[in-house]
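Here the structure is laid out as structure tokens; the discussion comes afterwards.
The values are calculated or read from the model by the stated rules, or taken from the named source; none is laboratory data. Just so it is clear, the model here is predicted, and its values are computed rather than measured. FYI the Cβ positions are ideal-geometry reconstructions off the backbone, even for glycines, and counts take in every protein chain you see. The accessibility values were calculated without ligands, DNA or RNA, using every heavy atom of the protein model including side chains. Shrake-Rupley method; radii C 1.70, N 1.55, O 1.52, S 1.80 Å.
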Amino acid sequence: MGKLTGWPEGWALTPDMKLYATNRGIVNPEDEFEGFRDYHEMKGNKFASWAAAWRTWCRNSERWAST
């Protein structure tokens with residue numbers, strides 16, 4: 001397991017991350033990424049892999065949208 005880190009300085013939505021989101025039905029990946037960033041910065045969350053956290057967020061977004 002890698003070292004847990006807070007939000008990576010300068011980390012931004014990449015084309016691959018955007019494609020991952022749109023393939024899961026996220027209509028506006030840019031807005032979703034802003035919500036992802038705001039949520040995790042607000043909570044002070046730390047992850048070993050922010051890319052994995054993004055993928056998890058995207059997979060969960062469909063479930064959250066239906067509640």
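Among the candidates E30, E34, the residue that is open to solvent by 60 Å² or more (accessible area, probe 1.4 Å) and either under 13 Å from W57 (Cα atoms) or free of Cβ contacts under 8 Å to residues at least 12 places away in the same chain (or both) is uniquely E34. Residue check: L13 meets all listed conditions (1) open to solvent by less than 60 Å² (accessible area, probe 1.4 Å); (2) over 12 Å from the mean Cα position of the chain (by Cα) but one, namely (2). Filter the range 37-67 down to the residues that are surrounded by 11 or more Cβ atoms within 10 Å (Cβ to Cβ) and of a type in the set (S, T, Y), then identify the one that is modelled with the lowest pLDDT. So, considering only residues that are surrounded by 11 or more Cβ atoms within 10 Å (Cβ to Cβ) and of a type in the set (S, T, Y), the one modelled with the lowest pLDDT is S61.
When you check G2 against the structure, is it in contact with a Ser or Thr (Cβ under 7 Å, 6 or more places away or on another chain) and among the small types (G, A, S), yes or no? Considered against the rule, which asks whether it is in contact with a Ser or Thr (Cβ under 7 Å, 6 or more places away or on another chain) and among the small types (G, A, S), G2 comes out as yes.
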